[in-house]
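The values are calculated or read from the model by the stated rules, or taken from the named source; none is laboratory data. Given the structure is predicted, the values throughout are model-derived calculations rather than measurements. Quick reminder, even Gly has a Cβ in these numbers, built from the backbone with ideal geometry, and neighbours come from all protein chains shown. When the accessible area is computed, the model is the full protein with side chains, heavy atoms only, and any ligands, DNA or RNA have been set aside. Shrake-Rupley method; radii C 1.70, N 1.55, O 1.52, S 1.80 Å.
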Amino acid sequence: MNLNYKCCTGTPESDPLGSAYLDNNATTQVDPKVVEAMLPFLTQFYGNPSSIHSFGRPVGQAIETARQQVQELIGAEFSSEVVFTSCATEATTTAILSAVEAFPERKEIVTSVVEHPATLQMCEHLQRKGYTIHWIPVDKKGRIDMDAYKAALSDRVALVTMMWANNETGTLFPIRGMAELAKAHGILFHTDAVQVAGKVPIQVANSGIDLLSLSGHKFHAPKGIGALYLRRGTKFRPLMRGGHQERGRRAGTENVSGVVALGAAAAIAAESVRTDTARISMMRDRLEQGLLARVPNAFVTGDPGNRVPNTSNVAFEYVEGESILLMLNQFGIAASSGSACTSGSLEPSHVMRAMEIPYTAAHGAIRFSLSRFTTDEMIDAVLQELPPIVAKLRTLSPYWNEAEGVPHTEEFAPVFG
Amino acid sequence: MWNYSEKVKEHFFTPRNAKVVEQANAIGDVGSISCGDALRLTLKVNPDTEIIEDAGFQTFGCGSAIASSSALTEIIIGKTIDEAKAVSNQEIADYLDGLPPEKMHCSVMGMEALHAAIAQYRGEEFVDDHEEGELICKCFAIDDVMIRRVVAQNKLSTLEEVINYTKAGGACSACHEKIEWVLESCIEDYDAASTPASVELTPPKSIVERVKRVEAVLDELRPMLQADGGDVQLADIDDDMVFLTLTGACSGCGLSGATLSMIEQRLSEALAEPITVYPVGGAAHAGGVS
């Protein structure tokens with residue numbers, strides 16, 4: 001067997017050395033230490049953790065160690081409150097459907113308009129099945145409308161599900177306060193903490209949070225592993241039935257190497273949150289301030305004073321995001337965009353629309369998301385390459401008056417604008 | 001990231017004719033900022049020969065939008081405006097060695113800009129037939145407005161019928177659930193609107209009536225076929241056999257079998273008896289569908 005073949009041609013276009021990966025809200029590099037921790041569970045320790053013999057036992061113990069590591073990351077009271085899932089989407093789906101099934105007399109759900117599709121589309125699905133969904137709006141900075149939130153709470157609500165930090169802007173919702181308010185009405189409270197876990201300290205014990213979703217690959221574990229925090233005593237109905245694994249709360253033989261990796265990543269992240277956050281947020285701020293200083297007609301979206309330390313979303317007016325990303329890619333720089341074109345839909349992201357970002361800017365919104373592997377050189381690369389890219393695309397744009405370096409939206413009014 | 005052809009990348013990174021043409025005498029502004037695409041096309045047309053001597057574009061849009069604009073200018077320079085007007089969006093896409101299905105609308109925008117510029121040159125009004133509904137089928141760029149219209153016109157009730165009539169959902173099938181939602185809401189609408197007593201049809205009593213009813217069905221379907229660049233002609237009727245010729249883009253289309261079976265179903269309903277449709281002429285290879 002020839003093991004030297006290259007399995008794919010989709011490798012990054014430039015050498016990883018000298019490249020700038022700034023798309024850590026999409027996914028992160030697996031920490032080499034995490035790889036090291038998980039590998040024995042793909043080779044030596046292949047036993048089924050449910051088995052009684054000596055092949056199974058160390059594997060079962062490794063899972064329990066990982067459970068404690070995740071417990072510590074999120075500040076849970078008991079390790080048994082951690083249920084391993086295949087991903088955060090599964091965790092969120094489980095949380096929502098469990099609440100609906102456990103409280104069949106409650107036919108309403110409260111959520112926000114800027115949620116991740118995992119929440120958004122599950123709620124839309126339930127809406128079609130007859131549930132009333134309270135879609136809480138946000139203001140122009142992406143901050144939740146607390147009056148609308150309070151007004152939506154009642155004993156008819158089965159579940160509140162709110163993201164802790166927005167994936168596009170990093171804007172934080174006041175989750176602990178919102179959870180307390182839900183508690184007062186006896187409502188279950190779930191939070192999608194995917195963009196928070198490993199970036200900001202979390203303490204679920206003694207909070208009003210009953211359920212919390214997190215994803216391993218957002219903090220340097222591999223893809224395919226997530227977890228649902230399930231407060232002890234919370235009424236629960238499993239999504240997956242057919243086995244005693246995870247105390248019957250999630251049937252199916254465990255993804256052992258993934259679980260071990262998640263545990264290792266959680267242990268590292270719990271430490272990193274304390275030691276790396278200041279450095280990451282300084283790099284983020286330098287990037288952001290540098291871009292705003294170098295590029296006219298650009299602004300930060302979301303709530304800059306209240307967001308996770310690694311995320312910056314900058315809207316460049318009168319240019320389109322996919323074009324920017326394609327050109328950045330030429331320099332080995334990876335970022336994301338809320339533009340319509342990158343997703344294949346025809347409208348900019350629901351988050352940009354919810355914040356009423358003008359279309360001329362929403363399509364040019366670029367998200368930079370850093371990690372502890374981000375370096376100053378990567379920030380320098382963006383500061384050097386991006387301003388001329390925006391300038392070049394603006395010369396192509398009918399909304400931009402090149403001669404005067406100003407927009408000319410007045411004169412350009414296309415036929416079906 | 002999209003799987004763009006080398007040609008698309010090349011036209012994106014080094015676009016041709018990205019400029020405002022000096023002393024342009026034809027300008028076409030099209031696009032929709034909500035969709036993230038907008039294009040200004042400027043042409044210099046020789047008034048004597050009607051030859052497009054120069055063309056320039058300014059585009060706000062993604063990689064394929066910029067590449068499509070660049071390709072468009074390359075294609076039309078040197079053509080007369082009548083020749084240019086015959087350029088289809090498919091030619092723009094072909095010129096770029098193809099576009100991802102979700103990006104075909106970029107080539108349509110190029111074509112529309114050209115039509116708008118020509119209309120302006122001739123002092124005509126450019127009428128756009130752009131749909132602004134929710135995009136349902138990304139493969140064929142079909143939105144809910146179009147699906148609703150076709151469902152209502154033809155009283156469709158199943159997913160398969162929607163696929164046959166509109167092509168929506170005919171390729172990757174990812175939008176089938178969405179089509180069913182649109183269908184459900186349409187059915188609710190016309191259930192609410194329809195009166196319970198529907199007229200019971202009887203089979204035609206004369207050959208003249210038979211021909212009239214068949215022609216009426218074909219006339220009803222014709223705009224839909226023409227929208228795709230095709231057409232249908234009645235060749236002959238022999239008892240319960242109807243012989244049709246599919247022409248234009250319909251002949252040789254991979255979906256012509258589906259089109260014929262859709263026509264067959266409609267004819268059977270209109271004549272209140274089972275009808276078999278036989279393709280003749282252009283679409284003979286499709287064979288009988290019954």
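A simple spin-label model places pseudo-atoms 7 Å from Cα toward Cβ; at B:ASN3 and A:ASP380 they are separated by 3.9 nm. Each 5 Å bin from 0 upward holds the following percent of the Cα-Cα pairs of region B:67-199: 2, 10, 17, 15, 14, 13, 11, 8, 6, 3, 1, 0, 0. Please give the residues from region B:58-103 for which the solvent-accessible area of heavy atoms, probe 1.4 Å, is smaller by at least 10 Å² with all protein chains in place than with the chain isolated. Correct list: B:GLN58, B:THR59, B:PHE60, B:GLY61, B:CYS62, B:GLY63, B:ILE66, B:GLU102, B:LYS103.
Note on A:SER154/A:LYS235: beta-carbon distance plugged into 1/(1 + (r/R0)^6) with R0 of 25 Å gives a FRET efficiency of 0.85. Using the alpha carbons alone, the radius of gyration of chain A stands to its Kirkwood radius in an Rg to Rh ratio of 1.00.
If you plug the beta carbon distance of A:MET282 and B:THR14 into 1/(1 + (r/R0)^6) with R0 = 41 Å, you get a FRET efficiency near 0.60.
Largest to smallest in accessible area, the residues B:THR247, A:THR43 fall in the order A:THR43, B:THR247 (1.4 Å probe, all protein chains included). Only lysine pairs 8 or more places apart or on separate chains count here, and in chain A those with Cα atoms under 17 Å apart total 7. For B:ASP189 and A:LYS223, a Förster radius of 60 Å and the Cβ-Cβ distance give a FRET efficiency of 0.90, rounded to the nearest 0.05.
Once the GluC sites (Glu not before Pro) in DSSP loops with at most 11 neighbouring Cβ atoms within 10 Å are cut out of chain A, the longest remaining piece is A:106-355. Each helix, a run of at least 4 DSSP H residues, gives -39500 (n - 2.57); summed and divided by the residues of chain A, these come to -11000 deg cm²/dmol at 222 nm.
With protein chains left intact and a 1.4 Å probe, residues in region B:6-122 average 34 Å² of accessible area per residue. Starting from the Kirkwood radius over alpha-carbon pairs of region B:6-122, derive D by Stokes-Einstein at 20 °C in a medium of 1.002 mPa s and give it in µm² s⁻¹. Reported coefficient: 158 µm²/s.
With 50 Å² as the minimum drop in accessible area between chain alone and full protein complex (1.4 Å probe), the qualifying residues in region B:157-193 are B:TRP181. In loop segments of region B:4-40 as defined by DSSP, the GluC sites (Glu not before Pro) with at most 15 further C-beta atoms inside 10 Å of their C-beta are B:GLU22. The distance linking region A:192-242 with region B:1-72 is 49 Å (Cα centroid to Cα centroid, whole angstrom). Taking label points 7 Å from Cα along the Cα-to-Cβ direction, B:ARG122 and A:SER80 give a separation of 8.0 nm. Using only the Cα atoms of region A:255-378, each taken as one equal point scatterer with no solvent, compute I(q) by the Debye sum, divide by I(0), and report log10 of the ratio at q = 0.14, 0.19, 0.20 Å⁻¹. The calculated log intensity ratios at q = 0.14, 0.19, 0.20 Å⁻¹ are -0.70, -1.06, -1.12.
At 1.002 mPa s and 20 °C, plugging the Kirkwood radius over alpha-carbon pairs of region B:207-279 into Stokes-Einstein gives what diffusion coefficient in µm²/s? Roughly 177 µm²/s, to the nearest whole number. Normalised by residue count, region A:165-323 yields a Cα convex hull volume of 155 Å³ per residue. Note on B:MET241: accessible area is roughly 60 Å² with a 1.4 Å probe, heavy atoms of protein only. Heavy-atom accessible surface of chain A, averaged per residue, reaches 41 Å², computed with a 1.4 Å probe. Here the protein assembly as shown has 53 percent of its accessible surface on carbon and sulfur atoms, given a 1.4 Å probe and all protein chains in place. Largest first, the extents of the alpha carbon coordinates of region A:352-411 on the three principal axes equal 46, 31, 13 Å. Buried surface between chains B and A: roughly 3200 Å² of accessible area, summed over both sides, computed with a 1.4 Å probe on protein heavy atoms only. Work out from phi, with θ = phi - 60° and the Karplus expression 6.51 cos²θ - 1.76 cosθ + 1.60, the ³J(HN,Hα) of each residue of region B:48-55, listed in order in whole Hz, and give x for Gly and Pro. Whole-Hz 3J(HN,Hα) from phi for region B:48-55: 7, 9, 6, 8, 7, 8, 8, 9. Seen from all directions on average, region A:65-187 presents a Cα convex hull projection of 8.1 nm².
Volume per residue for the protein assembly as shown equals 214 cubic angstrom (convex hull of Cα atoms).
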